[in-house]
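Reading through the structure tokens given below for one structure.
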Amino acid sequence: MLIPYVLVFLAFVLYPVLYGFWLARHPSSYVALFGDPIFRRSVVNTLIFLVVAINVKMLLALLLSGFFLHERWWVRWLSVIFILPWAVPAIPTILSVRFMLNPEWGLINQLWFRWTFEDGPNWLNEPWLALTMAMAVHIWKSLPFWTLMMLTGRLAISADLYEAASVDGATKWHKFRYVTWPSLQTMYFTCTILSMIWTLGDFNSVYLLTGGGPADLTHVLATLGVRYLRLDQIDLSLATVVCAMPLVLPLVYIMMKRFSK
């Protein structure tokens, strides 16, 4: 009964991975890769993306989960609107943001000029500003999912704990500090690790918004491989994937250890 699953694993997982390692086996590929300033900039961008986007995203998810816990009717309608960016496919949503950020005829700069009578920034033509916009799009797209995860964790906390805390005169801050956070701490850490794995592989937020530009200065490791493929440098493309594995494998190991408990 296990033979079909083993064959699928060998054909679609093990063979592509081993073949990729085979194509990226030459040391000269890594010498050329490490000598490319675009690669070094992509590593820095990736680390910034991970540190900033993940922490902002998870903190916002933790806070918003408390807001959407309320049972008011207008909060429920807001939750439906809030979840739309995550539910809608990435291509139309991110491209719509790209059109709005156009410096000449984009909606945002038109409103900027109408309110300030000055030209708006070139959102996607300044490297650090473009990377910031890519991180903002990533947070906007994935925040609803992690908010739902945190909301699920909050709903699993027994109401008796909050009632006992109220009897003892606990404020909202005390309830969060001594009831909510200890109950969500393990889930928060697990979601953060899983978010890091998915963020390392987030291709859409950068490639659809900036295309790696301007001048290939907003590439991350997930998009740099495509740049090398377009330049017909397959060995450098796969070497980029191999160089990203030291970041991914420890996170996968931690997740497997946590799920196995």
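The values are calculated or read from the model by the stated rules, or taken from the named source; none is laboratory data. Remember, predicted model here, so these are calculated numbers, not experimental data. Don't worry about glycine lacking a Cβ; one is built from the backbone with ideal geometry, like all the others, and counts go over all protein chains shown. When the accessible area is computed, the model is the full protein with side chains, heavy atoms only, and any ligands, DNA or RNA have been set aside. Shrake-Rupley method; radii C 1.70, N 1.55, O 1.52, S 1.80 Å.
Is there any pair with a first residue in segment 14-35 that is touching a residue at least 24 places away in the same chain (Cβ under 8 Å) and a second that is of a type in the set (Gly, Ala, Ser) whose Cβ atoms are under 6 Å apart and which are 6 or more apart or on different chains, and what are they?
Ala24/Ala239; Ser29/Ala239; Tyr30/Ala239; Leu33/Ala239
Checking the condition under 26 Å from Leu59 (Cβ atoms) and not in a helix (DSSP H, G or I), which residue from Leu194, Leu247, Leu251, Leu209 passes?
Leu209
Let me spell it out: the conditions are (1) in contact (Cβ under 8 Å) with a residue 60 or more places away in the chain; (2) of a type in the set (Lys, Arg); (3) farther than 30 Å from Arg41 by Cα, and Lys172 meets all of them except one. Which number is the exception?
Status for Lys172: all satisfied but (1).
Only one residue in Val252, Val242 is β-branched (Val, Ile, Thr) and under 17 Å from Arg25 (Cβ atoms), so which one is that? Give the derivation first.
Details: Val252 fails: under 17 Å from Arg25 (Cβ atoms).
Step by step, each of Val252, Val242 is checked, and only Val242 is β-branched (Val, Ile, Thr) and under 17 Å from Arg25 (Cβ atoms).
Among the listed residues Ser28, Ser65, identify the single one that is touching a helix residue (DSSP H, G or I) at 6+ places or on another chain (Cβ under 6 Å) and more than 19 Å from Ala136 (Cβ to Cβ).
The match here is Ser65.
In segment 67-87, is there at least one residue being under 23 Å from Val248 (Cβ atoms) and not hydroxyl-bearing (Ser, Thr, Tyr)?
Within segment 67-87 (the criterion being under 23 Å from Val248 (Cβ atoms) and not hydroxyl-bearing (Ser, Thr, Tyr)), the answer is yes, since at least one residue qualifies.
Of all the residues that make up segment 55-78, how many are assigned to a helix (DSSP H, G or I) and open to solvent by 40 Å² or more (accessible area, probe 1.4 Å)?
Residues flagged as assigned to a helix (DSSP H, G or I) and open to solvent by 40 Å² or more (accessible area, probe 1.4 Å) within segment 55-78 amount to 12.
Okay, residues lined up against (1) crowded, with 18+ Cβ neighbours inside 10 Å; (2) not β-branched (Val, Ile, Thr):
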| residue | (1), (2) |
| --- | --- |
| Lys172 | no, yes |
| Thr218 | yes, no |
| Leu221 | yes, yes |
| Leu229 | no, yes |
| Asp232 | no, yes |
| Asp235 | no, yes |
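For segment 97-121, which residues satisfy the criterion of being open to solvent by 50 Å² or more (accessible area, probe 1.4 Å) and either within 16 Å of Ala136 (Cα to Cα) or touching a His at 6+ places or on another chain (Cβ under 9 Å) (or both)?
Arg98, Phe99, Met100, Ile108
Within segment 2-20, can you find the residues that are of a type in the set (A, V, I, L, M, F, W, C), under 26 Å from the mean Cα position of the chain (by Cα) and closer than 19 Å to Leu236 by Cα?
Within segment 2-20, just Val17 meets the criteria.
I'd like the full set of residues that are out of contact with any Lys or Arg (no Cβ under 9 Å at 6 or more places or on another chain), of a type outside the set (S, T, N, Q) and open to solvent by 60 Å² or more (accessible area, probe 1.4 Å), limited to segment 26-51.
Correct list: His26, Pro27, Val31, Pro37, Arg40, Val44, Leu47, Val51.
Within the bounds of segment 49-63, is there any residue that is more than 22 Å from Leu194 (Cβ to Cβ) and touching a Leu at 6+ places or on another chain (Cβ under 9 Å)?
No, segment 49-63 contains no residue that is more than 22 Å from Leu194 (Cβ to Cβ) and touching a Leu at 6+ places or on another chain (Cβ under 9 Å).
Please find, among Ala130, Ala156, Ala165, the residue that is out of contact with any His (no Cβ under 8 Å at 6 or more places or on another chain), farther than 26 Å from Met255 by Cα and either of a type in the set (A, V, I, L, M) or surrounded by 15 or more Cβ atoms within 10 Å (Cβ to Cβ) (or both). So that I can check it myself, show each step before the final result.
On the way: Ala156 fails: farther than 26 Å from Met255 by Cα; Ala165 fails: out of contact with any His (no Cβ under 8 Å at 6 or more places or on another chain).
Every option except Ala130 fails the conditions.
If Ala215 satisfies every condition in (1) under 20 Å from the mean Cα position of the chain (by Cα); (2) part of a loop (DSSP other than H, G, I, E, B) but one, which is the exception?
(1)
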